[in-house]
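First up is the structure itself, then whatever we jot down about it.
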Amino acid sequence: MKTTYIVIVVILIAIIGVVAYILLGGGFLSLSATGGTCTPNVSYTLVAYQNQYFFQNDTDYKHPNPTLYAKVGDCIKVTIIDNEDVIHNFIVNQLNVQSNDITSKGQSQTVIFKVNQAGTFKWTCSYHADTMNGQLVVQP
């Protein structure tokens with residue numbers, strides 16, 4: 001009988017956890033960003049080359065690690081493309097944003113998130129933080 005109550009309590013805790021997860025948008029509660037719950041109105045495509053990120057149209061690779069811009073309330077889509085056979089990702093720790101890894105030439109990943117507060121936030125690749133980093137400037 002005691003085992004039955006324990007099982008019921010565990011199931012209830014699991015259900016409460018799932019409901020909370022869904023209500024929080026499928027991710028961590030954040031005052032700054034929410035993941036994947038919006039339609040992008042700002043898009044960036046970054047190409048990884050020689051352990052730096054470049055805008056996709058910077059085909060001469062002359063402007064590494066560009067600054068990204070948005071306004072409070074914008075839904076941002078960032079796509080990263082691997083132009084080398086090296087592992088990379090895109091992370092904005094302050095906003096709880098992280099893409100999946102890309103590991104081979106031509107592979108891409110996209111992360112979508114909404115920004116809810118103004119500020120300057122550092123973006124980086126966790127594997128090459130010293131050479132692949134820049135800023136996301138969110139204006140009011």
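List of remarks:
- Identity of the residue in the range 113-133, within 14 Å of the chain's Cα centre (by Cα) and more than 25 Å from Y61 (Cβ to Cβ), that ends up surrounded by the fewest Cβ atoms within 10 Å (Cβ to Cβ): K114
- Extreme residue, surrounded by the fewest Cβ atoms within 10 Å (Cβ to Cβ), among residues of the range 69-107 that are without any contact (Cβ under 8 Å) to a residue 40 or more places away in the chain and among the charged types (D, E, K, R): D85
- In the range 41-56, the residues that are farther than 13 Å from Q135 by Cα and in contact (Cβ under 8 Å) with a residue 60 or more places away in the chain form Cβ pairs under 9 Å with partners that are of a type outside the set (S, T, N, Q) and assigned to a strand (DSSP E or B), at six or more places apart or across chains, as follows: A48/F54; A48/I80; A48/I81; A48/D82; A48/H88; A48/I102; N51/H88.
- Within the range 57-68, tally of residues that are loosely packed, with under 14 Cβ neighbours inside 10 Å and touching a residue at least 24 places away in the same chain (Cβ under 8 Å): 1
- Options T131, T124, T79; residue that is β-branched (V, I, T) and farther than 24 Å from T37 by Cβ: T131
- Some residue of the range 81-104 being of a type outside the set (G, A, S), at pLDDT 95 or above and more than 24 Å from D130 (Cβ to Cβ): no
- If you go through the range 74-105 and keep only what is assigned to a loop (DSSP other than H, G, I, E, B) and under 23 Å from Y61 (Cα atoms), you end up with N83, E84, D85, V86, I87, N89, F90, S99, D101, T103, S104, K105.
- Tabulated pairs, the range 108-136, first of a type in the set (D, E, K, R), second crowded, with 19+ Cβ neighbours inside 10 Å and modelled with pLDDT under 95, C-beta under 7 angstrom, 6+ apart or interchain: K114/A33; K114/T34
The values are calculated or read from the model by the stated rules, or taken from the named source; none is laboratory data. The shown structure was predicted, so the numbers you read here are calculated from the model rather than taken from an experiment. Cβ sites come from the backbone with ideal geometry, for glycine too, and all protein chains shown count toward neighbours.
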